[in-house]
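In what follows, a single structure is set out as structure tokens and then discussed.
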Amino acid sequence: MLIPDVRNTLSDTATRNKIQHDAHTRSREFLPGDRVWAYSEKIQKFVDACITRHTPRTGVWSYEVEMEGVIRRRHADQLRRRHYVPPTVTEMGDVTDSC
């Protein structure tokens, strides 16, 4: 009688599960200068923000963001990527898209 190889079956299942999981995950990596939506506990909504720097000392997924005129630290789970950021017009009439 043949005995099935359990190790290969488990390995194949784990590989399939990882591929399926990775297909549905969001990128949580941001660069300084990226425009994002950041969660504000004050108003309990996402507000316009800008990544100022990545702070790996306080956590792997921790970022400093400038929001509402103040620099705050946010976890990547509290940030959402902005896909379209309309350019802003400065007082001089120049069009900028920076933070």
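Any idea which residue in region 65-86 is modelled with the lowest pLDDT, counting only those that are more than 19 Å from S27 (Cβ to Cβ) and surrounded by fewer than 15 Cβ atoms within 10 Å (Cβ to Cβ)? Steps first, please.
Pass one, region 65-86, residues more than 19 Å from S27 (Cβ to Cβ): 66-73, 86.
Filter once more, keeping what is surrounded by fewer than 15 Cβ atoms within 10 Å (Cβ to Cβ): 68-71, 73, 86.
Numbers: E68: 85, G69: 89, V70: 92, I71: 94, R73: 93, P86: 67.
So, considering only residues that are more than 19 Å from S27 (Cβ to Cβ) and surrounded by fewer than 15 Cβ atoms within 10 Å (Cβ to Cβ), the one modelled with the lowest pLDDT is P86.
In region 4-29, the residues that are farther than 22 Å from R80 by Cα form no Cβ pair under 8 Å with any partner that is among the acidic types (D, E) and loosely packed, with under 10 Cβ neighbours inside 10 Å, whether six or more places apart or across chains.
Which members of region 44-53 meet the condition of being out of contact with any Pro (no Cβ under 7 Å at 6 or more places or on another chain) and assigned to a strand (DSSP E or B)?
Pass one, region 44-53, residues out of contact with any Pro (no Cβ under 7 Å at 6 or more places or on another chain): 44-50.
If the condition is that a residue be out of contact with any Pro (no Cβ under 7 Å at 6 or more places or on another chain) and assigned to a strand (DSSP E or B), then K45, F46, V47, D48, A49, C50 are the ones that fit.
A quick yes/no check of all residues on (1) small (G, A, S); (2) closer than 15 Å to Q78 by Cβ; (3) in contact with a strand residue (DSSP E or B) (Cβ under 7 Å, 6 or more places away or on another chain):
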residue	(1), (2), (3)
A14	yes, no, no
L31	no, no, yes
T58	no, yes, yes
E64	no, yes, yes
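Consider region 5-64 and keep the residues that are of a type outside the set (S, T, Y), exposed (fewer than 10 other Cβ atoms within 10 Å of the Cβ) and under 12 Å from the mean Cα position of the chain (by Cα). The one that is modelled with the highest pLDDT is L31. Cβ-Cβ under 8 Å, sequence separation 6+ or interchain: first residue in region 75-88 and closer than 14 Å to A38 by Cα and of a type in the set (A, V, I, L, M, F, W, C), partner surrounded by fewer than 13 Cβ atoms within 10 Å (Cβ to Cβ) and modelled with pLDDT of 90 or more. Which pairs? Here the result reads none, with nothing in region 75-88 linked to a residue that is surrounded by fewer than 13 Cβ atoms within 10 Å (Cβ to Cβ) and modelled with pLDDT of 90 or more.
The values are calculated or read from the model by the stated rules, or taken from the named source; none is laboratory data. Quick caveat, the model's predicted, so the values are computed rather than measured. All Cβ positions, glycine included, derive from the backbone under ideal geometry; neighbour counts span all protein chains shown.
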